[in-house]
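Here is the structure we will look at, set down as structure tokens.
Where a number appears in this text, it was derived from the coordinates with a stated rule and is not lab data. Everything numeric here is computed off the predicted structure, so don't read it as measured data. Here the Cβ is made from the backbone with ideal geometry for all residues, glycine too, and neighbour counts use every protein chain on show.
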Amino acid sequence: MTEKIATDIPLSREQLPQIIDKILHETPITDIHTHLFAPSFGNLLLWGIDELLTYHYLVAEFIRTTEMPYSNFWNMSKKEQANAIWQALFIERSPISEACRGVLTVLNRLGLDTTERDLNAYRDWFSQQSVVEHVNRVFTVANLKIVVMTNDPFDPQERDFWLSPTEIDPRFITSLRLDTLILRWVEVYTMLQTWGYTVDKDLTEETLSEIRRFVSDWIQKVKPVYVAVSLPPQFDFPEHSLRGIILEQAVLPVTKFFNIPLALMIGVNRNVNPELKLAGDSVGTASLRPIENLCEKYPQNKFMFTMLSRENIHSACVTARKFRNLLPFGCWWFLNNPSLIEEITTMRIELLGTTFIPQHSDARVLEQVIYKWEHTREVLTKVFLEQYLKILATGWKLTEMEIKRDIFNYFGGNFWKFLESKF
């Protein structure tokens, strides 16, 4: 009889913490939603200490510490903004928020001395890095295999890139973001006209056909793994509105034809404080009924979804149990905090087992993937340990290979299997 290899031997309770931590750190990650770009996109790829410090989470936190007029802040250079944020949030106060701790985690994991508190020393280090080598370093530190970009055909700078494409680092794959098309048709239909599409403000049959052609053209150009749209909490379906008609009669037929998911990101209240610019968006509680209606009416379409409001997460888990063509993912935006990641992941495991994607980084700045995944791993180590211990208590046996299988699926396997599925 062949002797069992170590990974096939049932684990004891005492072995679990170390094994889970080891597997979580060794398993490469597919980060399914980011706002990063490959180096060939030039300055669309944000990186470095000043970009980290002027990330909109830190901007909003900084504004709470000062009576400075908003316009004064926005009139500063990027470096001046970073200086002000560093002074207010890291020197005059302890950097205890998740966004501040994230910056420190990045500096620490990159081998920089966080005891120095010398912003210019950090700047000097980043200035000496080549972007390609730095991307490689960040991917290694975060243990990333793939990141999914957010690609907007209405962004002028990005559009120019796609019209004269160059080679893209294969670790950066695409998603097609259609917020502008779906939510701002009255503002942008003339753009489609200038690009050669016979459309009108009114959604006639010809216009809808041309919108389908536009989406199809960009899917073939960009080759996205999914199409995405972020939606307000008031989103409904079916909905006799411009966004409802475009979604149902133009986007859904095309995503079904190409067999790619539509990712719905629901719960954003845009510009509740316009003076904060990108930092001025907020959150609202949505209904799950539109998701249920979409999945029930279009069972052969694939849908991914995430919700911005904590109050929606339980209902979202229940809805996901009802439809196999629906894949929940990540702790999005304001939910990407350790206390909430722990609560949400535990709830999802209890209701969905291993059939969801626990996290995505939503990173806008390259180095953010380091802290967002490091902090997530800390939480997942605790959550997975608690859940595996519960089944060991029943007498069930677990092996290292089985835990590797589960974490592989959480960190990318579920996503790739969903992309390949047909319903």
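Annotation: the residues 278, 264, sorted from fewest to most other C-beta atoms within 10 Å of their own C-beta, follow the order 278, 264. Projecting the Cα atoms of 57, 399, 235 onto the charge dipole of the chain, computed from C-beta unit charges around the Cα centre, puts 399 farthest toward the positive end. For the range 115-214, a simple Cβ point-charge model (Lys and Arg +1, Asp and Glu -1, everything else neutral) yields a dipole of about 340 debye relative to the Cα centre. Of all lysines in the structure, those lying under 25 Å Cα to Cα from residue 277, and not within fewer than 8 positions of it along the same chain, are 78, 79, 372. Considering helices alone, the calculated mean residue ellipticity of the chain at 222 nm is -14000 deg cm²/dmol, with DSSP H runs of length four and up weighted by -39500 (n - 2.57) and normalised per residue.
Computed about its Cα centre, the charge dipole of the chain is approximately 940 debye, with only Lys, Arg, Asp and Glu carrying charge at their Cβ. Annotation for the range 128-206 versus the range 343-406: alpha-carbon center distance of 30 Å.
Annotation for the range 199-231: chymotrypsin sites (Phe, Trp or Tyr not before Pro) lying in DSSP loop with at most 14 further Cβ atoms inside 10 Å of their Cβ do not exist.
For residue 376, neighbours were defined as the other residues whose beta-carbon sits under 12 Å from its Cβ, and their charges (Lys and Arg +1, Asp and Glu -1) total -3.
The ranking of 333, 396 by Cβ neighbour count inside 10 Å, starting from the fewest, reads 396, 333. For the range 178-301, the square roots of the Cα gyration tensor eigenvalues, ordered a ≥ b ≥ c, give a/c of at least 1.5 with a/b no greater than b/c, which places it in the oblate category.
In the chain, the sites counted are trypsin sites (Lys or Arg not before Pro) in DSSP loop states with at most 12 other Cβ atoms within 10 Å, and the longest stretch holding none of them, exclusive of the sites, is 271-396. Mean sequence separation of contacting Cα pairs (under 8 Å, at least six apart), scaled by the length of the range 149-255, corresponds to a relative contact order of 31 percent.
Summing charges over neighbours of residue 54, with a neighbour being any other residue whose Cβ is under 15 Å away from its Cβ, gives 0 when K and R count +1 and D and E count -1.
Membrane-span-like helices of the chain, defined as complete DSSP H segments with a Cα extent of 18 Å or more along the helix axis and a mean Kyte hydropathy of at least -1.0, are identified as 205-222, 338-352, 368-392. Listed from fewest to most Cβ neighbours within 10 Å, the set 376, 394, 204, 355 follows the order 394, 204, 355, 376.
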